[in-house]
1. Somewhere in region B:171-180, is a residue surrounded by fewer than 20 Cβ atoms within 10 Å (Cβ to Cβ), over 26 Å from C:P22 (Cβ atoms) and touching a His at 6+ places or on another chain (Cβ under 7 Å)?
2. Considering only region B:89-110, how many residues are part of a helix (DSSP H, G or I), open to solvent by 10 Å² or more (accessible area, probe 1.4 Å) and closer than 25 Å to B:T197 by Cβ?
3. Condition (residue is modelled with pLDDT of 95 or more, crowded, with 24+ Cβ neighbours inside 10 Å and farther than 15 Å from B:T197 by Cβ) applied to region C:2-9: is it met by at least one residue?
4. Take the conditions in a helix (DSSP H, G or I) and basic (K, R) and apply them to B:R114. Does it pass?
5. Considering A:G172, A:G189, A:G208, which residue is in a helix (DSSP H, G or I), closer than 22 Å to A:L253 by Cα and not polar (S, T, N, Q)?
6. From the residues in region B:231-257 that are open to solvent by 10 Å² or more (accessible area, probe 1.4 Å) and aliphatic (A, V, I, L, M), which one is farthest from the chain's Cα centre (by Cα)?
7. Does A:V213 fit the bill of being closer than 25 Å to A:T60 by Cβ, of a type in the set (V, I, T) and more than 14 Å from the chain's Cα centre (by Cα)?
8. Kindly evaluate C:N69 against the criterion of being within 19 Å of the chain's Cα centre (by Cα) and away from chain B (no Cβ under 14 Å).
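The values are calculated or read from the model by the stated rules, or taken from the named source; none is laboratory data. Owing to the predicted nature of the structure, the values given are computational and were not obtained by experimental measurement. No Cβ is skipped: glycine too gets one built from the backbone with ideal geometry, and neighbour counts run over all protein chains shown. With ligands, DNA and RNA removed, areas are computed over all heavy atoms of the protein, side chains included. Shrake-Rupley method; radii C 1.70, N 1.55, O 1.52, S 1.80 Å.
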Amino acid sequence: MAVDKPARKAAELLTALRAQRPLIHNITNQVVMNYTANALLASGASPVMAHAQEEVEEMTALAGALVLNIGTLTASSVEAMLLAGRQANALNIPVILDPVGSGATRFRTRTAVRLLGELSVSVIRGNASEILSLARADTRTRGVDAVHGVDEVRETALQLAHTLGTVLAITGAVDLITDGKQTLTVSNGHEMMGYITGTGCTATALIGAFSAVEKDPLHAASSALAYFGLAGEMGARDAPGPGTFQMALLDALFVMDEKQLKAGARIEA
Amino acid sequence: MAVDKPARKAAELLTALRAQRPLIHNITNQVVMNYTANALLASGASPVMAHAQEEVEEMTALAGALVLNIGTLTASSVEAMLLAGRQANALNIPVILDPVGSGATRFRTRTAVRLLGELSVSVIRGNASEILSLARADTRTRGVDAVHGVDEVRETALQLAHTLGTVLAITGAVDLITDGKQTLTVSNGHEMMGYITGTGCTATALIGAFSAVEKDPLHAASSALAYFGLAGEMGARDAPGPGTFQMALLDALFVMDEKQLKAGARIEA
Amino acid sequence: MAVDKPARKAAELLTALRAQRPLIHNITNQVVMNYTANALLASGASPVMAHAQEEVEEMTALAGALVLNIGTLTASSVEAMLLAGRQANALNIPVILDPVGSGATRFRTRTAVRLLGELSVSVIRGNASEILSLARADTRTRGVDAVHGVDEVRETALQLAHTLGTVLAITGAVDLITDGKQTLTVSNGHEMMGYITGTGCTATALIGAFSAVEKDPLHAASSALAYFGLAGEMGARDAPGPGTFQMALLDALFVMDEKQLKAGARIEA
């Protein structure tokens, strides 16, 4: 059945990830550094965080993917992102961008747009408001929270993906992943994921991990989101609240096997 | 009964917090960023962390409260705190200050005093030594730990609150909250809270959340401390140690309902 | 029995640590700050994190040990490490160094070598590749992961410890601790420790805590590693995955008593 194909793909990529243990270089925000590092480890990848301009190019050169996240950006970290991003582009290492809070302040919107202008980015992962802010300067994001639904931005997203030549992964109740031509949806996930910080950032980091073992960014992104969303469903089963859930989600990333992912992934064209 | 009034108030504020989901802008330390963001989410608020001078004013303008915490201060983050604080003052957004480690180094004491000199602060939350250091230059804090008891500083606190025109929330075995005229105590809490990092900082962040839905800082602070302390009591019930407790505390912030808070809050005049 | 001696020593130091609650000053990386602070608290120590050049000397002067960790180093944090380190040396406060990722970038290797050149360091804790990079400029580390085994570097380590006049603690499946003359091994630990971020950094921080209560760095380091490894074994008993394990490890640091440590520590000459 056609519907099974992306789920089978997701399972294959998880196998590849655990076998290859790619190094993922993250220049990310201070709020989620620990959690995303742990999520990458639980999934089978090997995280490294490094943001000094003196070293980011060398660190990126060792990596299977580069994840850029502007959640607690500074002028200096933006320069580091550009250095690392250019190095990644030169070496054909995929670059994943999380424009956290783009639309909330001009500094964030401008930085996200600048990174997209100067770098070739493989996948952009954000909520609907963040993604919309990349296309329309008048979009407002409420801190790091979406005020738009995924459905509202579908058309804009398709056009933006086409213009930028990148894959957009817009996460929400149902995730939408598009390269401007093909569009997939992922309907895994659990509402509890909205009650812990950094689930968006962690989704982005996992897209980085899957991008290190899969050339097609559409499949890398949809597979990572299905895997993460399913782990959220598994983790929420016995969690009374977001504290326990936070750790159960890491457990689920670790214990989930390929069979469970193949059976549970809800990726649709 | 008069004793019930502050407890009923606390319960009402929790309802308001969950209904309004205010955005809380934190310029805080790197140790506790993740935990305080998760505590704010678990309580019903929406946290954002941003400290670049380029954007703090815009971010504060979106927020219901601004939380300043000097736990890992730098010259640059202090400037960001001043920019954000002035913006908050201009827009009548409450500013909550946590003078972490004031009294341990001159840089911390000086910074805390400077922030209080240049900004109008709604609530200061600290341990007894930190609060004392704001009044007496010769006070020593042991790192971020109090060497004084809450009782020792009661008189100084009343005077300081009066002089500064601010509410002081001094946390310890029994918390003391005063605006210089009225004084409340909160006797919720559990000793296990001393074995995880950032409980003080989290208390401060929650005072920010409650301040976003309550104009009277005395009630905002005492309600937040009772809510947090009670969550500590609930979280400690089945926790064998501080790791499990850390997560159980977040769970308790999330699952506690208004009835439980009203019944369990121990706020006294 | 001779074999019991180091285990008894470890138990005695744990008692001393919990009785004295030494302040441990950490200038460390942003990924692990929260976890290492919590591990130090769970063990009985009192952590403080401070990295501003304006204050590190004063903070170090209050501390029982100084822990330097280059995991997310910047030019500015390296200067702070030097200031703090010189202060520690002047006051005979032990300095513990974790050269995270040394060998992965020239900035890291150079910084580690510079810190060792300018400071008198009591214990260096790293994986085999990181330690090797301090001796041989051509060593490559894969991000923060070892590509060498502990056995491979034994000879180099002995010589390096002798040359530097410091204790090396090389952690792996079996840890090797040497001052160039005496060598101990610690075979506590659990493979799950490799699936959470910052276990190496936490081991280093705990060596700092034990160094605050024990003058001989060989015993401080081996005792801390046995304590931490045994906590890992205890924590892994009922943990389905690395999320739960992370917290169970903190619980174990807290609940472990001296008798358990004495019985479980596997330290050998």
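1. Within region B:171-180, one or more residues are surrounded by fewer than 20 Cβ atoms within 10 Å (Cβ to Cβ), over 26 Å from C:P22 (Cβ atoms) and touching a His at 6+ places or on another chain (Cβ under 7 Å).
2. Taking region B:89-110 as the starting set, the residues that turn out to be part of a helix (DSSP H, G or I) are B:89-90, B:106-110.
Then keep just the ones that are open to solvent by 10 Å² or more (accessible area, probe 1.4 Å); that gives B:89-90, B:106-107, B:109-110.
Subset that is closer than 25 Å to B:T197 by Cβ: B:106-107, B:109-110.
Number of matching residues: 4.
3. No, region C:2-9 contains no residue that is modelled with pLDDT of 95 or more, crowded, with 24+ Cβ neighbours inside 10 Å and farther than 15 Å from B:T197 by Cβ.
4. Working: in a helix (DSSP H, G or I): yes; basic (K, R): yes.
In short, yes.
5. Working: A:G172 fails: in a helix (DSSP H, G or I); A:G189 fails: in a helix (DSSP H, G or I).
Residue meeting the stated conditions: A:G208.
6. B:A239
7. Details: closer than 25 Å to A:T60 by Cβ: yes; of a type in the set (V, I, T): yes; more than 14 Å from the chain's Cα centre (by Cα): yes.
Considered against the rule, which asks whether it is closer than 25 Å to A:T60 by Cβ, of a type in the set (V, I, T) and more than 14 Å from the chain's Cα centre (by Cα), A:V213 comes out as yes.
8. Details: within 19 Å of the chain's Cα centre (by Cα): yes; away from chain B (no Cβ under 14 Å): no.
Taking the combined requirement at face value, the residue does not satisfy it.
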